[in-house]
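> I'd like to ask some things about the structure below.
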Amino acid sequence: MSFRKRHGIGDLGVGVGFRTKHYPHVLETKPAMDWFEVISENFLVAGGPPRANVERLKDAYPVVPHGVSLSIGGNAPLDDDYLRRLKAFVDWLDPPWVSDHLCWGGAAGLHIHELLPLPHTEAVAAHVVERVKRVQGFLERPFALENVSSYMTFRESTMQEWELLSTIAERADCGILLDCNNVYVSSRNHTIDADAYIDAVPADRVVQIHLAGHTDKGKYLLDTHSDHVCDAVWKLYERAIGRCGAVSTLVEWDDDIPEWDVLSEEAATARRLRASVLSRGASPRPVEVRP
Amino acid sequence: MSPAPPSLVELQTSLMDLLRRDASLSTDADASARAAEIATGNDRLTGVEQVDIYREQYFLRHVGALREDFESLAALLGEDGFDALARAYLSAHPPTSFTLRDLGHALPAFVAERAPWRDDALVADMARLEWAFVDAFDAADATKIELAAIASMPEDAWPLARVRLHPSVQLVEMAHVAEDYRSQARKLLAGEISELPRPEPGPRYIVVFRGSEKLKYIDVDRGAFALLAALRDGHALGDACERAAATAEMTEQTFQEALGGWFQSWTSWGWITALERAG
């Protein structure tokens, strides 16, 4: 099954992450929101309120799962138990795509619960491509890889991060979850050109965009998802929409989570910017169909 | 599937060791040298400092996750005391599950065995109680059966029948009257009270369970607790009753008199999901 044939993935509009603080408001009042993203791992449990809550959410909104534990770049074999539980959840949820990060998160039987960056090398690309193919085939669902924020530069890297991401997406025939905040954080931390990053990512593979806030730690930026989206990231978002067209967009806010109205207004800002860029004539999303 | 490139295995193995170190990498010459071999650094941070960002995040994330699951332990031990416990625990039990939900699974046993925490029974009490809440919260769903279904079983089938408890039912024997300590600890952490009185000595026999999607707990008789434990462990009802009566030091008559009331309560609380006849 070719990814290009899956370009029928629709534009869900602008959504937000489904977080505990907002459960009562969202589930009881069903406020206007285009869609929600859920952290997959939080729902890979036997039963109880987590599954009941996501079931109620699913009845009212489109819901897309986003993982943090796949460790697609890890050297350990893929975790079969994790994949089986993820597939069962995904089959039940029936989302248009599934995503996780271009990173690694453990080795030798240990999980470090961190989105650790990978060296940008041809060998790493080949390693990840093979694993993405296996994951995508196992889940029987379009799979997208997200670029992570990074705070470390590897001596052995031989290419830019966007080259690694693009190479993997093309060879593995998967989608890209383009996180504009992560592009910005990494560009500041490693003094790289964020615009060049956005421009280099294959637009027809971007199925989702992430927006979030970060924290300035003085000598580096930390991806904390604890604040408003900054102006520079909004600009990157406009650039990304200009290139990619109407792509499903998600505002993440995971720490110091504000009241619903604040989060909802952040999503509304994204919606306004997106509409403005698209009204200026951004290309509609290309749909390629093989003869 | 072909193996990972050797350089990637080497790099990740080395980083896993460095990131779990309990002190800044700059304090250890060997660790610093290894980090510098991996990361280039930039005009603001050395390679060692870059790797150290991830090491700090490892402890912040995992100590924070343990603090969320063990709130009353955090209140009991204080900021620094809990931090010391969490770091010792992470060293002995590094995370092996893909989910942080499982991180504290071995903490109750850890504090019961390891000095100095083993010297305070309240620490073990609260660790067991709080982990019971974690396990009850997302245990599998199951449909409860009504008392009438139990009452309809012929009397001669009872001794060999097996009673299935709801997966959320967790049994916690405590040495202190501390089942309310958690709610008091939350008030302390929220600044609503200024002191957390130490609970009186027990014993207490607490059952934690999920009812109507909410976590609940109740203190039960020693005999009831012993019977629930025997049923949970898979003993047939007759055998379970004998074991429970002996454990609770109850006569057969007093045990039998209490049994009907216990089952009435347990079914009303949704603790029983099946009554299976032998054969």
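Just so it is clear, none of the values below were taken in a lab; they were calculated from the coordinates. Nothing here was measured: the structure is a model prediction, and the numbers come from that model. Heads up, the Cβs are rebuilt from the backbone with ideal geometry, glycines too, and the neighbour counts pull from every protein chain shown.
> Can you compute the modelled spin-label distance between B:Glu10 and B:Glu79, with each label point 7 Å from Cα toward Cβ, in nm?
Placing both labels 7 Å along Cα→Cβ, they lie 4.3 nm apart.
> Tell me the Kirkwood hydrodynamic radius of segment B:140-279 in angstroms, computed as one over the mean inverse distance between distinct C-alpha pairs.
About 16.4 Å, per the Kirkwood formula over Cα pairs.
> With each run of n ≥ 4 DSSP H residues scored as -39500 (n - 2.57), what mean residue ellipticity at 222 nm is computed for chain A after dividing by its residue count and rounding to the nearest 500 deg cm²/dmol?
Here the helix-only value at 222 nm equals -12500 deg cm²/dmol.
> Next question. For segment A:42-189, what size does the Cα cloud have along each of its three principal axes, sorted from largest down, in whole Å?
The Cα atoms of segment A:42-189 stretch 47, 31, 28 Å along the principal axes, largest first.
> Apply the Karplus parameterisation 6.51 cos²θ - 1.76 cosθ + 1.60, with θ equal to phi minus 60°, to every residue of segment A:243-260 and state each ³J(HN,Hα) to the nearest whole Hz, in sequence, with x for glycine and proline.
For segment A:243-260, the Karplus curve yields 7, 9, x, 7, 9, 3, 10, 9, 8, 9, 8, 10, 9, 6, 5, x, 5, 4 Hz.
> Given Cα positions, please report Rg to Rh for segment B:1-65, the hydrodynamic radius being the Kirkwood one.
1.03
> Can you pull out the GluC sites (Glu not before Pro) in segment A:94-197 that DSSP calls coil and that have at most 15 other Cβ atoms within 10 Å?
Listed in order of number, the matching sites are A:Glu140, A:Glu156.
> Would you mind giving the mean number of other chain beta-carbons within 10 Å of the Cβ of each residue in A:115-127, as a whole number?
Per residue, the number of nearby Cβ atoms from other chains is 3 on average.
> A follow-up question, please. Direction-averaged shadow area of the convex hull around the Cα atoms of segment A:1-120, nm²?
That works out to 9.2 nm², a quarter of the Cα hull's surface.
> Would you pull out the residues with amide H under 5 Å of A:Gln208's amide H, same chain only if 5 or more places away, H placed 1.01 Å from N?
The list, which skips near neighbours in sequence, is A:Ile176, A:Leu178.
> Then there is this: Based on a Kirkwood Rh over C-alpha pairs, give the Stokes-Einstein translational diffusion coefficient of segment A:106-151 at 4 °C and viscosity 1.567 mPa s in µm²/s.
In µm²/s, the coefficient rounds to 104.
> Where does each of B:Trp271, A:Trp104, A:Trp260 land when they are ranked from fewest to most other beta-carbon atoms within 10 angstrom?
Listing B:Trp271, A:Trp104, A:Trp260 from fewest to most nearby Cβ atoms yields A:Trp260, B:Trp271, A:Trp104.
> Using a simple charge model, +1 on the beta-carbon of Lys and Arg, -1 on the beta-carbon of Asp and Glu, nothing else, what dipole does segment B:1-65 show about its Cα centre, in debye to the nearest 20?
The dipole magnitude comes to about 220 debye.
> Further question: Could you list B:Trp262, A:Trp162 so that the one with the fewest beta carbons within 10 Å of its beta carbon is first and the one with the most is last?
Placing the least packed residue first, the sequence is B:Trp262, A:Trp162.
> With n ≥ 4 as the cut-off for DSSP H runs, can you work out [θ] at 222 nm for chain B, using -39500 (n - 2.57) per run divided by the number of residues, rounded to the nearest 500?
-17000 deg cm²/dmol
> Something else about it: For each of B:Leu11, B:Leu171, B:Leu189, count neighbouring Cβ atoms within 10 Å of the residue's Cβ, then give the residues from fewest to most.
Placing the least packed residue first, the sequence is B:Leu189, B:Leu171, B:Leu11.
> Here's something else I'd like to know. Please give the average number of partner chain Cβ atoms lying within 10 Å of the Cβ of each residue in A:38-47, rounded to a whole number.
For this peptide, the per-residue mean of nearby foreign Cβ atoms is 4.
> Using only Cα atoms, figure out Rg for chain B and give it as a multiple of 2.2 N^0.38 Å.
Rg over 2.2 N^0.38 Å, computed on Cα atoms: 1.31.
> Can you give me the long-range amide H partners of B:Gly41? Hydrogens built in the peptide plane at 1.01 Å from N, cutoff under 5 Å, separation of 5 or more residues or another chain.
For B:Gly41, whose amide H was placed from the backbone, the distant partners under 5 Å are A:Thr153, B:Gly47.
> Under a crude label model (7 Å from the Cα following the beta-carbon direction), how far is A:Glu55 from B:Arg232 in nanometres?
In this crude label model, A:Glu55 to B:Arg232 measures out at 2.5 nm.
> Name the residue farthest towards the positive end of the dipole of segment B:1-110 from the options B:Ala106, B:Gly78, B:Gln57, assuming +1 on Cβ of Lys and Arg, -1 on Cβ of Asp and Glu, about the Cα centre.
Result: B:Ala106.
> Lysine pairs in chain A with alpha-carbon atoms under 30 Å apart, 8 or more places apart or on different chains: how many are there?
Within chain A, the lysine pair count is 15.
> Per residue of B:48-56, what is the mean number of Cβ atoms on other protein chains within 10 angstrom of that residue's Cβ?
4
> Here is a further query. Can you compute the charge dipole magnitude of segment B:70-276 about its Cα centre, using +1 on each Lys and Arg Cβ and -1 on each Asp and Glu Cβ, nothing else charged? Give it in debye, rounded to the nearest 20.
With Lys and Arg at +1 and Asp and Glu at -1, about 400 debye.
> Let me ask something else. Using the beta-carbon distance between B:Ala140 and B:Ser26 and R0 = 56 Å, what value does 1/(1 + (r/R0)^6) give for FRET efficiency, to the nearest 0.05?
Given R0 = 56 Å and the Cβ-Cβ separation, E is 0.75.
> Would you kindly calculate the mean projected area, averaged across all directions, of the convex hull enclosing the Cα atoms of segment B:88-131, in square nanometres?
Hull-based average projected area comes out at 2.9 nm².
> Please compute the net charge surrounding B:Leu100, taking Lys and Arg as +1 and Asp and Glu as -1 over other residues with Cβ under 12 Å from its Cβ.
-2
> Provide the FRET efficiency to the nearest 0.05 for the B:Ala149-A:Phe138 pair, computing r from the beta carbons and using R0 = 45 Å.
0.60
> Still on this model: Select from segment B:109-167 those GluC sites (Glu not before Pro) which occupy a DSSP coil region and have at most 14 other Cβ atoms within 10 Å, ordered by residue number.
Hits after loop and neighbour filter: B:Glu146.
> Go through segment A:104-177 and name the trypsin sites (Lys or Arg not before Pro) that are in a DSSP coil and have 14 or fewer other Cβ atoms within 10 Å of their Cβ.
Sites meeting the loop and neighbour criteria: A:Arg155.
> Apply the Karplus parameterisation 6.51 cos²θ - 1.76 cosθ + 1.60, with θ equal to phi minus 60°, to every residue of segment B:81-92 and state each ³J(HN,Hα) to the nearest whole Hz, in sequence, with x for glycine and proline.
x, 5, 4, 5, 4, 4, 5, 5, 5, 4, 5, 7
> Okay, next question. Can you pull a Stokes-Einstein diffusion coefficient for segment B:4-138 at 4 °C (1.567 mPa s), Rh from Kirkwood over Cα pairs, as a whole number of µm²/s?
Rounded to a whole number, D works out at 79 µm²/s.
> Please quote Rg/Rh for segment A:4-260 to two decimal places, taking the Kirkwood radius as Rh and restricting both calculations to Cα atoms.
Using only Cα positions, Rg/Rh for segment A:4-260 is 0.94.
> Compute the distance in nm between two label points, each set 7 Å from the Cα along the Cα-to-Cβ direction, one at B:Lys214 and one at B:Arg198.
Result: 3.3 nm between the two label points.
> Pop out the ³J(HN,Hα) list for segment A:104-118 in order, Karplus 6.51 cos²θ - 1.76 cosθ + 1.60 with θ = phi - 60°, rounded to Hz; leave Gly and Pro as x.
Whole-Hz 3J(HN,Hα) from phi for segment A:104-118: 9, x, x, 7, 6, x, 10, 10, 9, 6, 9, 8, 7, x, 10.
> Once amide H atoms are placed 1.01 Å from N in the peptide plane, what residues at a sequence separation of 5 or more from A:Leu118, or on another chain, have their amide H within under 5 Å of its amide H?
none
> Taking the dipole about the Cα centre of chain B, with the C-beta of Lys and Arg at +1 and of Asp and Glu at -1, give me whichever of B:Leu237, B:Met126, B:Ala157 is farthest to the positive side.
Working it through, the farthest residue towards the positive pole turns out to be B:Ala157.
> Would you mind listing how long segment A:33-77 runs along its three principal axes, going by Cα atoms, in whole Å with the largest first?
39, 26, 9
> Quick one: divide the alpha-carbon radius of gyration of the protein assembly as shown by 2.2 N^0.38 Å and tell me what you get.
Ratio of Cα Rg to 2.2 N^0.38 Å: 1.09.
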